[in-house]
């Protein structure tokens with residue numbers, strides 16, 4: 001009444017949707033990907049005057065161009081997927097484990113220490129066993145410390161796990177300073193003490209292990225009593241207490257699982273791929289994994305697809321920068337645009353927009 | 001009294017995710033009139049009012065004020081049209097005084113002058129007969145005082161149309177009478193009052209007209225003086241329902257749970273329970289009455305092993321072994337391991353009793369998933385139980401794999417009560433089991449409680465509707481501020497007697513114990 005500009009109806013408003021059938025879910029996401037590619041194409045053309053089709057084919061080339069590239073793609077998927085699997089039980093429990101980066105790194109550090117100090121001194125099969133145990137134990141220690149403090153004194157796990165990342169990075173730096181005799185800070189790879197190579201393919205073992213872990217984690221979360229307890233604690237601690245679940249125990253136990261999986265990721269990364277370590281060995285995957293896990297709605301099977309998407313984008317974007325001599329920022333822009341659309345489409349799956357007057361549904 | 005139309009709704013429709021909360025609702029409210037909006041829970045009363053108050057925006061339809069079409073997009077728009085709503089859950093800042101809360105967010109282009117504002121608050125209070133201290137802090141106030149602050153808040157902003165959402169749910173009978181007197185005075189002053197309620201006797205006592213909603217649609221407007229409670233119920237439910245609860249005589253009651261001298265404090269050292277003693281007997285329904293937040297929840301949680309107890313005993317007489325067990329300082333697991341068959345329907349259904357995002361089958365497992373040595377879950381038995389409960393209690397759900405939070409309040413409660421009863425309890429505790437349920441579902445729950453009583457279960461029922469407590473319970477324990485203020489016989493006690501006990505804070509000698 002007081003405002004003369006006021007029209008007789010709102011321009012549009014949001015309404016929550018009833019759940020959509022699966023094919024709509026799929027269709028909306030497909031549309032999002034197509035739109036993202038179109039928008040990226042426009043941005044590429046405007047910024048670089050390059051033909052977007054060429055740019056996209058360069059991306060595909062970067063990911064699938066040669067046999068080596070395909071193996072490398074799969075290897076990267078395996079590592080990222082492994083870390084994503086690791087953070088998932090914690091996140092399902094609403095325990096914000098932002099420390100996967102550090103947990104992977106100490107897992108790697110444990111592996112490299114075993115390789116360095118026991119390699120050649122004990123029989124190889126025993127070396128492998130010690131390596132596996134050491135990396136898992138290191139990951140567990142790094143994850144359980146914040147969990148125990150959370151369970152006993154209700155400390156903030158986000159801050160705690162984040163800080164543990166820095167401790168891990170510094171620990172690796174200290175290790176390199178101490179044991180790299182040349183002073184270059186670069187540790188010479190020790191492939192002779194790495195995980196065994198099967199089928200003549202150096203990445204095959206990693207890929208198979210992670211495939212197995214994916215199935216195991218899926219079963220653990222969905223079909224075991226412990227997985228059920230994780231869901232209950234995550235949804236409502238009060239409900240968990242009401243049915244007599246020992247919440248503290250579940251928090252600690254779940255982070256043991258989470259840390260162990262991170263430790264394995266460190267093992268695969270160092271023992272199976274790099275055969276050495278640096279402070280950037282984890283390479284931010286501990287944080288990317290959080291996004292992968294959320295995008296897949298904590299479902300390990302969906303995670304295979306979300307990991308593929310992320311790794312494909314990274315690989316493709318790298319290729320663009322090389323092929324067209326573009327700054328690496330361009331690849332970040334493309335990755336950003338595509339993720340924006342994919343995450344943004346979730347909104348349209350949950351809400352619909354009603355435009356006034358016409359009353360018609362709009363996408 | 002001029003009978004001009006203050007507000008009119010035409011064909012207002014609002015849907016949430018495909019479900020119509022309101023469908024083509026037409027309604028008029030006159031100046032100087034009290035209109036009751038009557039309807040079962042989930043019939044769309046609050047949604048409809050929220051659209052007038054600017055919380056929701058209608059999908060279609062028109063709203064007219066004084067004959068002119070208006071658009072209300074926010075609570076501020078609503079205030080510009082002199083509409084004020086008093087919500088069920090108060091929206092006040094605890095550490096502020098009454099006056100500070102009242103003028104909070106007000107933009108009247110005047111200087112911030114607490115003293116002047118306080119005087120205006122007092123003037124409003126005098127005009128309508130409120131009783132309020134403008135300097136008092138919210139956290140020092142009783143529920144009824146907080147409600148007064150909310151009402152003055154909208155009057156201060158010059159509201160002519162007041163909407164009250166279930167204002168009496170948290171009040172004692174005496175406070176309710178006081179509120180009604182104030183509302184009647186406002187009516188004489190020419191204000192329009194819309195009151196949402198599902199208590200029939202209040203509708204009859206207060207309103208001029210009644211608008212009845214069923215499943216989001218208006219099913220009729222009647223003049224209060226020309227109707228009866230039975231007619232209104234029929235309109236509301238769509239069929240004739242009997243409003244009587246059967247109450248059988250307890251069969252061989254024995255003391256099942258003996259609580260003596262229970263004390264509880266919260267983290268800040270505030271006393272939650274003060275020397276609570278009572279006995280729950282088998283084959284009997286023990287009602288617990290009291291103003292909301294008087295310690296009912298803590299008492300039940302203490303018995304269930306969820307609340308730390310400072311002092312006192314809770315002795316359970318095991319009917320199977322004949323042993324006596326003290327439940328104090330035991331976890332829910334330890335209580336179960338003792339063989340105590342204690343079922344508990346907590347007040348907070350989705351926050352405690354059930355997990356909203358899980359489906360019905362997984363919710364059935366909450367109590368029983370540990371059974372067996374296998375590390376894997378066994379979903380067959382829970383699924384059978386889920387199907388049985390859906391069938392026996394007529395739960396409306398697409399199937400047993402529907403997440404519980406998607407069901408209506410009544411169906412959620414049927415799932416919870418069904419599961420708790422399926423455990424064949426010897427003690428069944430239910431906190432506000434019919435809160436938010438429609439009449440039909442409420443009576444289903446009363447019948448279930450009665451059935452359990454006839455099976456020899458000691459039932460403890462925390463309720464808020466005194467009429468129901470008086471019809472259902474064999475004995476009624478009244479608590480006020482964490483202390484037992486009296487235990488009365490459900491067959492002879494009166495509402496006034498219980499109302500008085502509710503406001504007391506010390507133990508009184510009850511007449512019937």
- Note on the structure: Within the range B:350-373, restricting to residues that are in a loop (DSSP other than H, G, I, E, B), more than 24 Å from the chain's Cα centre (by Cα) and farther than 15 Å from residue A:244 by Cβ, the one that is nearest to the other protein chains (Cβ to nearest Cβ) is B:358
- Query: Would you say residue A:176 is in a helix (DSSP H, G or I) and more than 22 Å from residue A:269 (Cα to Cα)?
  - Reply: no
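Let's see how each residue does on (1) part of a loop (DSSP other than H, G, I, E, B); (2) more than 14 Å from chain A (Cβ to nearest Cβ); (3) more than 28 Å from residue B:135 (Cβ to Cβ); (4) in contact with a helix residue (DSSP H, G or I) (Cβ under 7 Å, 6 or more places away or on another chain):
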| site | (1), (2), (3), (4) |
| --- | --- |
| B:27 | no, yes, yes, no |
| B:36 | no, yes, yes, yes |
| B:76 | no, no, no, no |
| B:90 | yes, yes, no, yes |
| B:107 | yes, no, no, no |
- Can you pull out the residues in the range A:223-251 that are surrounded by fewer than 23 Cβ atoms within 10 Å (Cβ to Cβ) and farther than 21 Å from residue B:374 by Cα? A:234, A:235, A:236, A:237, A:238, A:241, A:248
- Can you confirm whether the range A:271-282 contains a residue that is within 14 Å of chain B (Cβ to nearest Cβ) and either part of a helix (DSSP H, G or I) or at pLDDT below 95 (or both)? no
- Note on the structure: Among the residues of the range B:358-376, the number that are crowded, with 19+ Cβ neighbours inside 10 Å, free of Cβ contacts under 8 Å to residues at least 40 places away in the same chain and more than 19 Å from residue B:342 (Cα to Cα) is 1
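Residue by residue, here is whether (1) within 14 Å of chain B (Cβ to nearest Cβ); (2) in contact with a helix residue (DSSP H, G or I) (Cβ under 7 Å, 6 or more places away or on another chain); (3) part of a loop (DSSP other than H, G, I, E, B) holds:
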position: A:192; (1), (2), (3): no, no, no
position: A:207; (1), (2), (3): no, yes, no
position: A:217; (1), (2), (3): no, yes, no
position: A:221; (1), (2), (3): yes, yes, no
position: A:230; (1), (2), (3): yes, yes, no
- Please work out if residue B:340 is facing chain A (nearest Cβ under 8 Å) and not in a helix (DSSP H, G or I). no
- Task: Could you tell me whether any residue of the range B:329-349 is surrounded by fewer than 16 Cβ atoms within 10 Å (Cβ to Cβ), farther than 20 Å from residue B:457 by Cα and either outside the structural domain of residue B:301 (by TED's automatic domain parsing) or touching a helix residue (DSSP H, G or I) at 6+ places or on another chain (Cβ under 8 Å) (or both)?
- Result: yes
- Evaluate the range B:313-322: report whether one residue or more is surrounded by fewer than 22 Cβ atoms within 10 Å (Cβ to Cβ), within 11 Å of chain A (Cβ to nearest Cβ) and in contact (Cβ under 8 Å) with a residue 12 or more places away in the chain. no
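Considering only the range B:164-267, give the strands (runs of 3 or more DSSP E) lying wholly within it that have at least 1 residues that are in contact with a helix residue (DSSP H, G or I) (Cβ under 7 Å, 6 or more places away or on another chain) and outside the structural domain of residue B:89 (by TED's automatic domain parsing).
Values: elements: B:192-197, B:209-214, B:217-223, B:255-265.
Output list reads B:255-265.
Evaluate the following for residue B:111: is it in a loop (DSSP other than H, G, I, E, B) and either surrounded by fewer than 20 Cβ atoms within 10 Å (Cβ to Cβ) or not assigned by TED's automatic domain parsing to the domain that holds residue B:168 (or both)? Give the steps one after another, and end with the answer.
On the way: in a loop (DSSP other than H, G, I, E, B): yes; either surrounded by fewer than 20 Cβ atoms within 10 Å (Cβ to Cβ) or not assigned by TED's automatic domain parsing to the domain that holds residue B:168 (or both): yes.
Against the criterion (in a loop (DSSP other than H, G, I, E, B) and either surrounded by fewer than 20 Cβ atoms within 10 Å (Cβ to Cβ) or not assigned by TED's automatic domain parsing to the domain that holds residue B:168 (or both)), residue B:111 qualifies.
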- Query: Counting only residues that are modelled with pLDDT under 85 and over 25 Å from residue B:448 (Cα atoms), how many does the range B:243-270 have?
  - Reply: 5
- Task: State which residue is farthest from the chain's Cα centre (by Cα) when the search covers only the range B:403-450 and only residues that are free of Cβ contacts under 8 Å to residues at least 60 places away in the same chain and closer than 22 Å to residue B:304 by Cβ.
- Result: B:422
- Quick one: would you say residue B:266 is in contact with a strand residue (DSSP E or B) (Cβ under 8 Å, 6 or more places away or on another chain), more than 14 Å from every other protein chain (Cβ to nearest Cβ), free of Cβ contacts under 8 Å to residues at least 40 places away in the same chain and farther than 30 Å from residue B:493 by Cα? yes
- Among the listed residues A:165, A:246, which satisfies the condition of being within 20 Å of the chain's Cα centre (by Cα) and either at pLDDT below 95 or more than 14 Å from chain B (Cβ to nearest Cβ) (or both)? A:165
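The values are calculated or read from the model by the stated rules, or taken from the named source; none is laboratory data. Fair warning: this is a prediction, and the values are worked out from it, not measured in the lab. Glycine also receives a Cβ, built like all others from the backbone with ideal geometry; neighbour counts cover every protein chain displayed.
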